[in-house]
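Written below as structure tokens is the structure these notes are about.
Computed from the coordinates by the stated procedures, all read-outs in this text should not be read as laboratory data. Worth saying up front: this structure is predicted, and the values here are computed from it rather than measured. Reconstructed Cβ throughout: ideal geometry from the backbone, glycine too, with neighbour counts over all protein chains shown.
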């Protein structure tokens, strides 16, 4: 009955099916998030990680932790009853990526083109 | 339970025998929570614009202090711990709401409020300290972007605290009627989403400055 109700209705974001399992879910989420947070601060601080790789490692840890929050706290799953939520989330991620990486790309390109070259310096009066 | 089968959610095996046009509307709970989910995603798009501005301007310190000189990582770690812990206690509050345990709701809401308030106060004093050092938002493009991004997040958390206080009052006066429970669960989504934004803030702003 539970399953028959849950699937065709679609599931609201943040809704969990089973109360007794959820405390455990939140605890797992808290543990994983704490480990990933500490790993981020350690990676930025320790100097043991190869310097140029640190930003990439930090990005990976951050994306991982966002995933942990989505799955264990917001209860977004890949199941069929979550299709609408996942679609909306995918569109949100798409827009965020466009805005952030698009801005960075355009501004870096502008900066590079605005850099005064020797030829343009001579053209100035 | 045929009558309860609802909504335009495609791809459900169980609902396959009922045509889309003959299913009733989705329940209020699903509509309200899905709408709130869309609001949260659009809020995250606002933060994306602020993140983009910060990423572009992070190096433009105009001769003033840079992030590496201003930020104290231990302080940020404590802030992060407060917010993460409050996200967990907020989840516990959502569970108590679904089980209709009044006392547990007040308890977890109180802890969530205290941790959220600690976070906001720590951020407020960090801002005060920076302004006192002469590193206010007017000093450089980097600091303008920093105060806008982190300040907007802090403002969201402050609004969330007000919301939580109002919800506690509604539980006390109106009781656990469906409308109040729906609002409490939406608050949970809002709080978790703010914690997700904070992951981006501490990674890009505080750890990226090194």
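Laid out as a table, the results:
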{"quantity": "In nm, spacing of pseudo-spin labels at residue A:90 and residue B:174 (7 Å Cα→C-beta vector)", "calculated": "3.6"}
{"quantity": "Helix-derived mean residue ellipticity, 222 nm - over chain B, DSSP H n ≥ 4, -39500 (n - 2.57), to 500", "calculated": "-25000 deg cm²/dmol"}
{"quantity": "Cα-only radius of gyration and Dmax that characterise the protein assembly as shown, units Å", "calculated": "22.7, 83"}
{"quantity": "At R0 = 45 Å, FRET efficiency that the Cβ-Cβ distance of residue A:105 and residue B:18 yields, to 0.05", "calculated": "0.40"}
{"quantity": "Peptide A:22-32 - average C-beta neighbours from other chains (10 Å radius)", "calculated": "3"}
{"quantity": "Angle between chain B longest axis and helix B:28-57 axis [Cα atoms, degrees, rounded to 10]", "calculated": "20"}
{"quantity": "Rounded to whole Å, sorted largest first: equivalent-ellipsoid semi-axes of the stretch A:42-81, Cα gyration tensor", "calculated": "30, 9, 5"}
{"quantity": "Prolate/oblate/rounded label for the stretch B:17-169 (Cα gyration tensor, a/c 1.5)", "calculated": "oblate"}
{"quantity": "Spin-label model distance (nm) - residue B:107 vs residue A:115, 7 Å beyond Cα toward Cβ", "calculated": "6.2"}
{"quantity": "Using distinct alpha-carbon pairs, which all enter the 1/r mean, Kirkwood radius of the stretch B:146-210 in Å", "calculated": "13.2"}
{"quantity": "Extension gain from residue B:124 to residue B:42, taking 0.36 nm per residue of separation minus the Cα-Cα distance", "calculated": "26.9 nm"}
{"quantity": "Helix axis angle, B:73-98 relative to chain B longest principal axis, alpha carbon, degrees", "calculated": "10"}
{"quantity": "Neighbouring partner chain Cβ atoms per residue of A:40-53, average, 10 Å criterion", "calculated": "2"}
{"quantity": "Spin-label pair residue B:99/residue A:83, simplified geometry with 7 Å Cα→Cβ offset, distance in nm", "calculated": "3.4"}
{"quantity": "0 to 90° range, to nearest 10: angle between helix B:141-174 axis and chain B longest Cα axis", "calculated": "40"}
{"quantity": "Hull-based mean projected area of the stretch A:11-77, where the convex hull spans the alpha carbons, in square nanometres", "calculated": "4.7"}
